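Quick notes on the structure that follows.
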Amino acid sequence: MIDDIKQTLKKGLEAYYNEKYGISLNLTIEEPKKASMGDISVPMFLVVKELKKPMPEVVSEAVEVIKGLSPFIKEVNPTGPFINIIVDKGVVAEAVLKNVYDKKDSYGDSNVGNGHTIVLDYSSPNIAKSFSIGHLRSTMIGNSLKLIFQKAGYKTVGIDYLGDWGTQFGKMIVAYEMWGDDEAIKRDPINELSKLYVRFNTEAEDKPEMDEQAREAFRKIELGDPKYVALWKWIREESLKESQQIYDLLGVTFDSYNGEAYYNDKMDPVVEELEEKGLLKEDQGAQIVELGDDLPPALIKRSDGGSLYITRDLAAVFDRMKCYNFDKCLYVVGNEQKLHFTQLKTVLKKMGYDYGDRIEHINFGLYLTGGTKMSTRKGNVVKLYDVLMDAIAQARKQIEEKNPNIENKDDIARKVGIGAIVFNDLKNHRTNDIEFNLESMLKFEGQTGPYLQYTGVRIFSIVDGQELDLDNICKDRFNEPHYFELIKLISAFKTTVERATVEFAPSVVAKYLLSLAQSFNGFYAKEKINAEDKAVRNTNMILAGAVRVVINEGLRLLGMDYVNKM
Ligand code: ARG
């Protein structure tokens, strides 16, 4: 709301100066450092400079204009070169609260994205390997960005670009042929397959010829050898089940699962186009595109004719452009693929396409345990699904201790346990490395998912079933800072969502929710919500209920669930 008023003042003043003096200004409207000076402050230096008139004259003219711009303004106080404005806090609060109850879950919806499409490529596991912790990050960040972009009015397309093609399938098949036990695999496919993969990697460390065998096996799949293709299909199906288990726990969905295999027969036109445009060069039997002095060349085709990651990504980009005509295509992939995406953009540019600029590598850092990288590569780490289940079990234990008679324990434990992991990830800016420590992320206090959920539960327990009268809000209460601080935060929800889209950062929403919850808990410590006075009680409950609407909707944007009890 304060943001809306600022916007109204900016637009109104700019229009005034344009009409009257024919000048177009870009004014900055601020909030004074000290709340005692007012809620909004308009510096007049720029206007003085442009109009070449004395400050006092400019200021008094602007004061008159400002008074007529917004019904929410109570006082306009010129102080030297600044015009400080005090808003009518009661009127503002009433408008904000009515808006929340009117819109409910759609409170905070924005239309900045209307008419625009965002494609998000996220999760994208390499499915003969086990689902890694890095893919978990990609899944959570991508899912949240998708929900945030939707809230901001964008059309979104979520793509799980499965790594279902590549030498890892060759490795799997070689391992299967050497050590595979059909019975064991049928009993527990995911586990057995990942054991085979781990064993291959361990043994290949001192037998490099095994890698060669794996490449050959994969070549056979590429060439369509029926036996190998059948094995590939089977491994793909079984591995997908593992990802699906994780998606089900997280509640994550996709609009498309077109992965690398899907593009296998769609690369020829890309290679031909590169050829026609004179970009392809031969280099020791391989086909490459040179990318200048600062970048290594992009390898388009291997010397044995095998295709490559970047070639498939080129085919995928063209296909996505054709199908979705995207404004942005976001690739939520770890820091280590920075070079790959720079190369992809550069090749597009060399091909003469301007939409390389619409491609955005949404990079992120590592998970650490005790300060070192967490890895699933050699199987030295517990399986991800087990980690998630462990979080749920620990959450269940906590809930049982705190609230033994609660119903639906399993459902609540899932929401709290998963929420803890998701929030721990998203509260940090995605480019940072983060520590994976279940115990601390499950705490009900501090900067955790359970803390936010618990704040919502606390409010629910007070306001559930109460009759609220929105036409009887005590406006004068909002002159108290702890009341008005909450109004300001609630009213900043929409701009927060918009900022998260600009920065491609769910952490913007996560941090905002923490401030809102902290501010509410401060309020709660000071103020008896269920006050004796009926009108005050009504006002407090309306305010608390509005906080909960925003917390719940904010949690949803992060890919978390709210609970009513915990
Ligand atoms: N499967 C890849 C990996 O795990 C990530 C794919 C990212 N998306 C893409 N279009 N390249 O490393």
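Once the Cβ-Cβ distance of Ala95 and His429 is raised to the sixth power relative to R0 = 30 Å, the FRET efficiency obtained is 0.35.
Quick one: dipole size for segment 87-173, taken about the Cα centre, charges +1 on Lys/Arg Cβ and -1 on Asp/Glu Cβ, in debye to the nearest 20.
Working: 10 positive and 8 negative charges, 39 e Å.
The dipole of segment 87-173 has a size of about 180 debye.
The GluC sites (Glu not before Pro) of segment 269-317 that meet both conditions, a loop assignment by DSSP and at most 15 other Cβ atoms within 10 Å of the site Cβ, are Glu290. Net charge dipole, the chain: roughly 1300 debye, given to the nearest 20, about the Cα centre with Cβ charges of +1 for Lys and Arg and -1 for Asp and Glu. When a 1.4 Å probe is rolled over the protein heavy atoms, the share of accessible surface on segment 1-80 that falls to carbon and sulfur comes to 55 percent.
Could you point to the residue in Val58, Phe72, Met178 farthest towards the positive end of segment 56-186's charge dipole, with +1 and -1 charges on the Cβ of Lys/Arg and Asp/Glu respectively? Result: Phe72, furthest along the dipole toward the positive end.
Does the chain classify as rounded, prolate or oblate by the C-alpha gyration tensor (a ≥ b ≥ c root eigenvalues; a/c under 1.5 gives rounded; else a/b over b/c gives prolate, otherwise oblate)? It would help to have the intermediate numbers written out before the result.
Values: a/c = 3.09, a/b = 1.55, b/c = 1.99.
The shape class here is oblate.
The length gained on full extension between Asp386 and Asn564, counted as 0.36 nm times the residue separation minus their Cα-Cα distance, comes to 61.4 nm.
What residues from segment 461-494 fall in the zone where the backbone N is under 11 Å from a label point 7 Å along the Cα-to-C-beta line of Ala535? It comes to 472-477, nothing else.
Taking the solvent-accessible surface of protein heavy atoms with a 1.4 Å probe, what is the per residue accessible area of segment 140-227 in Å²? Walk me through the intermediate numbers first.
Working: 3780 Å² over 88 residues.
For segment 140-227, the solvent-accessible area averages 43 Å² per residue.
With the alpha-carbon atoms of segment 399-440 aligned to their principal axes, the span from lowest to highest coordinate is 41, 16, 11 Å, starting with the largest.
Between Ile462 and Lys349, the FRET efficiency estimated from the beta carbon spacing at R0 = 56 angstrom works out to 0.45. Counting only alpha carbon atoms, the long axis of helix 226-250 and the longest principal axis of the chain meet at about 20°.
Net length available on complete extension from Asp283 to His340 is 18.6 nm, with 0.36 nm assigned per residue and the Cα-Cα distance removed.
Helix content alone sets the calculated 222 nm mean residue ellipticity of the chain: runs of n ≥ 4 DSSP H residues at -39500 (n - 2.57) each, divided across all residues, give -18000 deg cm²/dmol.
Using the structure shown, list the pairs from Lys281/Lys350; Lys98/Lys494; Lys146/Lys328; Lys443/Lys565; Lys383/Lys409; Lys475/Lys534 with a Cα-Cα distance above 19 Å, or answer none.
Values: Lys281/Lys350 14 Å; Lys98/Lys494 15 Å; Lys146/Lys328 12 Å; Lys443/Lys565 16 Å; Lys383/Lys409 24 Å; Lys475/Lys534 14 Å.
Where the Cα-Cα span goes over 19 Å, the pairs concerned are Lys383/Lys409.
If you take the beta carbon distance between Lys373 and Met321 as r and set R0 to 25 Å, what does 1/(1 + (r/R0)^6) give as a FRET efficiency, to the nearest 0.05?
On the way: r = 35 Å, r/R0 = 1.41.
Working from the Cβ atoms, E equals 0.10.
Relative to the longest principal axis of the Cα atoms of the chain, the long axis of helix 449-463 makes an angle of roughly 40 degrees. Once the chain from Asn77 to Lys443 is taken as fully extended at 0.36 nm per residue, the excess over their C-alpha distance is 127.1 nm.
Within the accessible surface of segment 272-326, defined with a 1.4 Å probe on protein heavy atoms only, the carbon and sulfur portion equals 44 percent. Tell me the angle of helix 534-558 to the major Cα principal axis of the chain, expressed in degrees between 0 and 90 and rounded to the nearest ten. Computed tilt is about 20 degrees.
The values are calculated or read from the model by the stated rules, or taken from the named source; none is laboratory data. Predicted, not measured: the structure shown is a model, and the values here were computed from it. For neighbour counting, all protein chains shown are included, and Cβ atoms are generated from backbone atoms with ideal geometry for every residue, glycine included. For the accessible areas, the whole protein counts, side chains as well, though only heavy atoms, and no ligand, DNA or RNA atoms are used. Shrake-Rupley method; radii C 1.70, N 1.55, O 1.52, S 1.80 Å.
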